[in-house]
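Taking it in order: structure first as structure tokens, then the write-up.
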There are 2 protein chains.
Amino acid sequence: MPKLQAVLETALYVDDLARAKTFYETVLELRVLRADSRFCAFDVNGRNVLLLFKRGGSAKAMPMPGGVIPPHDGAGPLHMAFAISAQDLSAWEAALAKYGIAIESRVTWPRGGTSLYFRDPDGHAIELATPGLWEIY
Amino acid sequence: MPKLQAVLETALYVDDLARAKTFYETVLELRVLRADSRFCAFDVNGRNVLLLFKRGGSAKAMPMPGGVIPPHDGAGPLHMAFAISAQDLSAWEAALAKYGIAIESRVTWPRGGTSLYFRDPDGHAIELATPGLWEIY
């Protein structure tokens, strides 16, 4: 059987794409790989791609030169988590404070990891997690 | 500045958790890390965690021994992508066919990669992508 190698793309759906793009570029310091009026793709440390889609902007099939991207869309305050190193935890707390981003919650896990939770401009529940959360992390 | 290391958790919201769990375990052969009546967590090749949440089941803040998990929830046919190796592309096509999963679309990208798109039982637009899609992949 073939095996999935990794999660390549994780998507969030946003009301104001420019606002969200600024947030992820500025507060989380992600580099833009590609952006237009419909979506924005960020490089997460060369390992994953975070996609922001303008809500409703991908709800119809999208013909491309190489094929058709099927429709998708999303609502609600979604959840996703980024991995951070344990030694960066206080630096991340300071960075969030610098931008006036409230830490909604802090969780310590039985394996020793710590998670910080905050909201992006669309209310998505974003987590920064140090190792010691899952069996594999 | 601290740096995000990777995307750790990607979440989908599903109507029937048992049905979705079976799909990801059986068709995509993901290993369950943890599961209860509210959610299911899968190991993606030791690198990422895919979370399935029963729709509405995490819409209230959840007290845990180590802190409170903030509320989140989602609707709509979301999108996510898994990385696969190029040599496994035809094996994945065969695996999807074996389980009667229709390939909704196939896209070839300018950098040489190929994506297969199909729907999970909740209609999420799932992509399997070979290298040659993004600058970093």
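Just so it is clear, none of the values below were taken in a lab; they were calculated from the coordinates. What you see is a predicted model; the values in this text were computed from it and never measured. Heads up, the Cβs are rebuilt from the backbone with ideal geometry, glycines too, and the neighbour counts pull from every protein chain shown.
Key figures
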read-out: Tilt relative to chain A, helix A:89-98 - C-alpha long axis, 0 to 90 degrees, to 10; value: 70 degrees
read-out: Chain A: most fluctuating residue of A:Ala94, A:Ala61, A:Ala83 per GNM, C-alpha cutoff 10 Å; value: A:Ala61
read-out: Alpha-carbon centroid distance for the pair the stretch A:93-124 / the stretch A:44-63, whole angstrom; value: 24 Å
read-out: Fraction of alpha-carbon pairs over 18 Å apart in chain A - percent; value: 60 percent
read-out: Chain A - share of DSSP beta bridges that are antiparallel (%, nearest 5); value: 65 percent
read-out: Hydrodynamic radius of the stretch A:62-137 per Kirkwood, over alpha carbon pairs, in Å; value: 14.4 Å
read-out: Fluctuation leader among A:Leu50, A:Leu17, A:Leu96 - chain A, Gaussian network, Cα springs under 10 angstrom; value: A:Leu96
read-out: Chain B: angle of helix B:17-26 to the longest principal axis, Cα-based, in degrees nearest 10; value: 40 degrees
read-out: Base-10 log of normalised Debye intensity for the stretch A:1-81 (one unit scatterer per alpha-carbon) at q = 0.12, 0.14, 0.22 Å⁻¹; value: -0.38, -0.51, -1.14
read-out: Chain B: most fluctuating residue of B:Ala11, B:Ala35, B:Ala59 per GNM, C-alpha cutoff 10 Å; value: B:Ala59
read-out: Cross-link reach list, lysines versus A:Lys98, counting only Cα pairs under 29 Å and skipping chain neighbours closer than eight places; value: A:Lys21, A:Lys54, B:Lys3, B:Lys60
read-out: Principal axis dimensions, the protein assembly as shown - Cα atoms, whole angstrom, descending; value: 47, 39, 30
read-out: Dipole magnitude of the stretch A:73-136 about its Cα centre (Cβ charges: Lys, Arg +1; Asp, Glu -1), debye to nearest 20; value: 220 debye
